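Student: This is the structure I have questions about; it appears just below.
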Amino acid sequence: MIIVFSGEGPTDLGSTYAGTFSPGPVALMINRWIFKRIGYSLLETNGANYYVCKATLADIAKQLPRAALLRGKKADRGGLSLETRYYFQNARALVAWIREQRLEQPAIALLFRDADGTASAGRGEWEHKVNSVIHGFHFENYPYGVAAIAKPKSEAWFLCAVRYNYANCQSIEASSSGNDASPNSLKQQLEAAMHQRFGCGCSRDDLNQIVSDGLIDEQEIDMQSLNLVKSQCNDVVDLIFGISPRA
Amino acid sequence: MPVSNCVEVGSGIQLTKLHVENFKSLVNFDISFSKFSCLIGLNGSGKTTVLQFIDFLSQLSKGDTLDWLKTRQWSSSDLHSKLTSQRLIKFSATFLLDEIGQVIWEATFNPDLSRCTYERISIDKLILMLAEEKKLSLHKNVDNSVPPIQNYPIIFDYQGSVISQLGHDLLGNFHPALLKVKEFLLKTHSLELLSPAFLRRRSRNSEGGIGYGGEQMTAVLYGLGRSKRNEILAKLKTVYPYLQEIDVSQLQAGWKKLSVVEEYSSKKYSFESKHVNDGLLRLLAVFAQLKYDDGFVLFDEIENGINPELIEFVIDLLVESPHQVLASTHSPIVLNYIEDNVAIEGLIYIYKGQNGFTRSIPFFSIPSMNEKLSVMGPGDVYQDTSLVELQEEIISLGYLEPHQ
């Protein structure tokens, strides 16, 4: 089994430098979740993990055969409502990248994006964005896709553990803005909470350490957007193992 | 579908910036243009008003603003903004001229007097022309062969800009930028109301090019002569393979009649303009205007009446044309046929602030739009975006609402 990540940057899924993937805290969480299902670490297995950066996906997305992207009643019902096409196109591009590699084992395509990132600036519904990623995987007939859309961004998941001790975290998703420039942004809140609790900042290394130490535990985090990632990972692993065919 | 076998040469001048105070919804309004620019935005945002203002500038250089108002069925009180208590319309237009650089024309137009009461044309700090308090000053020409005119009393009545009254012979004696700016304005044509009914009409006079609605098209086509009409025909045949001839004939009293000849099963049929399809008439109007002169051409809702399969042809034609072009559109299909680099430079989002003032912003300078453009076409970005909510992001970028 292989996992192919594409994320926003170092403090979520990670980044590559000179072809080497340096995982970020979200990748560590997902790897640990899958580890519990398959019994080994995809991140510590040679050739079992890849990272595709946004720029690479953008180059691929522009070359993709045009999908029927014109909006309308039927297209909207099929998952093409406003502020979703960015997610749809990135999912398609990630599948195209995986197919180009001609990998010899089934590959989980895990597309992570913030629901309230640069491409949305607060507009659009999280559910529609998730559906759009799933629609992109379906459009490309790819069964092993995972739509990892943080609501509004991955800092909300970390904050749940660091500041709220896993209690009532659904409210963070509902009430926060993903805009880093806004007063009391999630990023600022996480920085303050990390400093107060662990005496550190929230760089990738800081967050990786806290995740590795189990002080941010994905099993404990009960948030709609992360729960959906976990359940999709389960489904895809089951599908690869032939346990239950995915609908 | 490239159409770039054009041999026309550009005019060497472009309108690059406008600042407008108090023309309809253009209050403290700023906009920048590139060689090909396209206005997008919700209905009622002010796209057509921008085109109308540029046409107004053109009319100032021609004089006779009252006739212009009559043609539009407006009165002088329709010009100033209803959103302010001001009557005067002020503006600054910046032109970029080959080998000269940036030239700025600033003026104050008084709708009650139908003329500019203050005008200044300058290059940096060098004032080439100043007209105020009915006195005119013109800076000496480049080689000093003609002395300057200082505070010359303007004793004649005129409408629009004083440059409408300064002939080419006179202006040609002074700084070359003056004549170039005037010629550019004279050759600015707005086809903002193209209508099949007007396009089908016979006409006599081709002076000034095709009118707003397409009136005079037959006369303009006639005036172009057979050779230029055949150039148009050759290009149109790539999308209308049955088209064999564009025939314009002169009738009694100078009226011009348009017919097109089409060939089916080796037989030729001639159709009078009243039986020609709307799309072909519109394409003829676009071509005829581009062939008419090398001026600035404005098209409102360029997609109207044109089948999607021909849109690429039209957009390529306009983008590759040596003319400066300003169009508006509501069509994502049009936008998807604009290359990213052209769209980044030329797509302008027009919107209204809460005070009702029209505002503009380069569409792909908005971070979310630029991010989306990385994975899809310009039209997909436009169609995918909740325009009603986009304003919040624009405000967050620091585009503040001007005060009344």
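The values are calculated or read from the model by the stated rules, or taken from the named source; none is laboratory data. Being a predicted model, the structure only gives us computed values, none of them experimental. Ideal geometry is used to build each Cβ from the backbone, glycine not excepted, and the neighbour counts take in all protein chains shown.
Student: If a residue has to be in contact (Cβ under 8 Å) with a residue 40 or more places away in the chain and within 14 Å of another protein chain (Cβ to nearest Cβ) to count, how many in the stretch A:31-59 make the cut?
Tutor: Number of matching residues: 5.
Student: Return only the number of the condition from (1) over 27 Å from A:SER175 (Cα atoms); (2) hydrophobic (A, V, I, L, M, F, W, C); (3) more than 10 Å from chain B (Cβ to nearest Cβ) that A:LEU70 does not satisfy.
Tutor: Here A:LEU70 clears every test but (3).
Student: Could you tell me which residue of the stretch B:330-356 is nearest to B:ASP384 (Cα to Cα), considering only residues that are of a type in the set (Val, Ile, Thr) and part of a helix (DSSP H, G or I)?
Tutor: Of the residues in the stretch B:330-356, the ones of a type in the set (Val, Ile, Thr) are B:333-334, B:338, B:342, B:344, B:348, B:350.
Then drop every residue that is not part of a helix (DSSP H, G or I), which leaves B:333-334, B:342, B:344.
Details: B:ILE333: 13, B:VAL334: 15, B:VAL342: 20, B:ILE344: 17 Å.
If we take residues in the stretch B:330-356 being of a type in the set (Val, Ile, Thr) and part of a helix (DSSP H, G or I), then B:ILE333 is nearest to B:ASP384 (Cα to Cα).
Student: How many residues, within the stretch B:286-300, are under 14 Å from the mean Cα position of the chain (by Cα), of a type in the set (A, V, I, L, M, F, W, C) and under 12 Å from B:GLY214 (Cα atoms)?
Tutor: Within the stretch B:286-300, residues that are under 14 Å from the mean Cα position of the chain (by Cα), of a type in the set (A, V, I, L, M, F, W, C) and under 12 Å from B:GLY214 (Cα atoms) number 2.
Student: Here's something else I'd like to know. Just give me the residues in the stretch A:212-224 being assigned to a helix (DSSP H, G or I) and closer than 25 Å to A:THR16 by Cα, in sequence order.
Tutor: A:SER212, the sole residue that qualifies.
Student: Are any of the residues in the stretch A:155-177 in contact with a strand residue (DSSP E or B) (Cβ under 7 Å, 6 or more places away or on another chain), within 14 Å of chain B (Cβ to nearest Cβ) and at pLDDT below 90? Give the derivation first.
Tutor: First, the residues of the stretch A:155-177 that are in contact with a strand residue (DSSP E or B) (Cβ under 7 Å, 6 or more places away or on another chain): A:156-157.
Cutting the leftovers down to within 14 Å of chain B (Cβ to nearest Cβ) gives us none.
No, the stretch A:155-177 contains no residue that is in contact with a strand residue (DSSP E or B) (Cβ under 7 Å, 6 or more places away or on another chain), within 14 Å of chain B (Cβ to nearest Cβ) and at pLDDT below 90.
Student: From the list A:GLU83, A:GLU125, exactly one residue is acidic (Asp, Glu), within 11 Å of another protein chain (Cβ to nearest Cβ) and more than 27 Å from B:ASN341 (Cα to Cα). Which is it?
Tutor: Step by step, each of A:GLU83, A:GLU125 is checked, and only A:GLU125 is acidic (Asp, Glu), within 11 Å of another protein chain (Cβ to nearest Cβ) and more than 27 Å from B:ASN341 (Cα to Cα).
Student: Go through (1) within 14 Å of the chain's Cα centre (by Cα); (2) surrounded by 21 or more Cβ atoms within 10 Å (Cβ to Cβ) one by one and return the number of the condition B:LYS35 breaks.
Tutor: Of the numbered conditions (1) within 14 Å of the chain's Cα centre (by Cα); (2) surrounded by 21 or more Cβ atoms within 10 Å (Cβ to Cβ), the odd one out for B:LYS35 is (2).
Matching residues to (1) crowded, with 19+ Cβ neighbours inside 10 Å; (2) under 28 Å from B:THR188 (Cα atoms):
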position	(1), (2)
B:MET217	yes, yes
B:VAL220	yes, yes
B:PRO241	no, no
B:GLN250	no, yes
B:LYS256	yes, yes
B:HIS275	no, no
B:ASP278	no, yes
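Student: If you don't mind, another one. Looking at (1) within 21 Å of B:LYS274 (Cα to Cα); (2) buried (at least 20 other Cβ atoms within 10 Å of the Cβ), which one does B:ASN205 not meet, given that it meets all the others?
Tutor: Going through the list (1) within 21 Å of B:LYS274 (Cα to Cα); (2) buried (at least 20 other Cβ atoms within 10 Å of the Cβ), B:ASN205 breaks only (2).
Student: Just to be sure, is B:PHE174 surrounded by 19 or more Cβ atoms within 10 Å (Cβ to Cβ) and in contact with a strand residue (DSSP E or B) (Cβ under 7 Å, 6 or more places away or on another chain)?
Tutor: So B:PHE174 passes the test.
Student: Of all residues in the stretch B:387-404 being surrounded by 15 or more Cβ atoms within 10 Å (Cβ to Cβ) and more than 10 Å from chain A (Cβ to nearest Cβ), which is modelled with the highest pLDDT?
Tutor: The qualifying residue modelled with the highest pLDDT is B:GLN391.
Student: Sticking with this one: Which ones in the stretch A:34-87 are over 29 Å from B:LEU387 (Cα atoms), outside any helix (DSSP H, G or I) and among the β-branched types (Val, Ile, Thr)?
Tutor: Across the stretch A:34-87, the qualifying residues are A:THR45, A:VAL52.
Student: Look through the stretch B:292-329, keep the residues that are assigned to a loop (DSSP other than H, G, I, E, B) and hydrophobic (A, V, I, L, M, F, W, C), and return whichever of them is modelled with the highest pLDDT. Step through it out loud before you land on a result.
Tutor: The initial filter retains those residues of the stretch B:292-329 that are assigned to a loop (DSSP other than H, G, I, E, B), namely B:293-296, B:300-307, B:321-324, B:329.
After this cut, where a residue has to be hydrophobic (A, V, I, L, M, F, W, C) as well, the list is B:296, B:302, B:306.
Values: B:PHE296: 96, B:ILE302: 92, B:ILE306: 87.
This residue is B:PHE296.
Student: Does any residue of the stretch A:63-80 turn out to be of a type in the set (Lys, Arg) and surrounded by 22 or more Cβ atoms within 10 Å (Cβ to Cβ)?
Tutor: no
Student: Next question, about the same structure. Report every pair of residues separated by at least 6 positions or lying on different chains whose Cβ atoms are under 6 Å apart, first residue within the stretch B:367-380 and under 12 Å from B:LEU335 (Cα atoms) and at the interface with chain A (Cβ under 7 Å from one of its Cβ atoms), second assigned to a loop (DSSP other than H, G, I, E, B) and not small (Gly, Ala, Ser).
Tutor: B:ASP380/A:LEU69
Student: Quick check: is even one residue across the stretch A:7-30 more than 13 Å from chain B (Cβ to nearest Cβ), over 20 Å from the mean Cα position of the chain (by Cα) and in contact (Cβ under 8 Å) with a residue 24 or more places away in the chain?
Tutor: Within the stretch A:7-30, not a single residue is more than 13 Å from chain B (Cβ to nearest Cβ), over 20 Å from the mean Cα position of the chain (by Cα) and in contact (Cβ under 8 Å) with a residue 24 or more places away in the chain.
Student: Does at least one position in the stretch A:93-116 carry a residue that is among the polar types (S, T, N, Q) and closer than 24 Å to A:ASP238 by Cα?
Tutor: Yes, that holds for at least one residue.
Student: Let me ask you something else. For the condition free of Cβ contacts under 8 Å to residues at least 60 places away in the same chain and either more than 26 Å from A:ALA181 (Cα to Cα) or more than 14 Å from chain A (Cβ to nearest Cβ) (or both), what is the one hit in B:ASP384, B:ASP340, B:ASP316?
Tutor: After applying the criteria, what remains is B:ASP340.
Student: Here is a further query. Hey, does the stretch A:89-96 have a residue that's within 30 Å of A:GLN209 (Cβ to Cβ) and either of a type outside the set (Asp, Glu) or touching a residue at least 40 places away in the same chain (Cβ under 8 Å) (or both)?
Tutor: Yes: the stretch A:89-96 contains one or more residues that are within 30 Å of A:GLN209 (Cβ to Cβ) and either of a type outside the set (Asp, Glu) or touching a residue at least 40 places away in the same chain (Cβ under 8 Å) (or both).
Student: Another question, then. Among the listed residues A:PHE88, A:PHE112, which satisfies the condition of being more than 14 Å from every other protein chain (Cβ to nearest Cβ), surrounded by 21 or more Cβ atoms within 10 Å (Cβ to Cβ) and not small (Gly, Ala, Ser)?
Tutor: Checking each option against the conditions leaves just A:PHE112.
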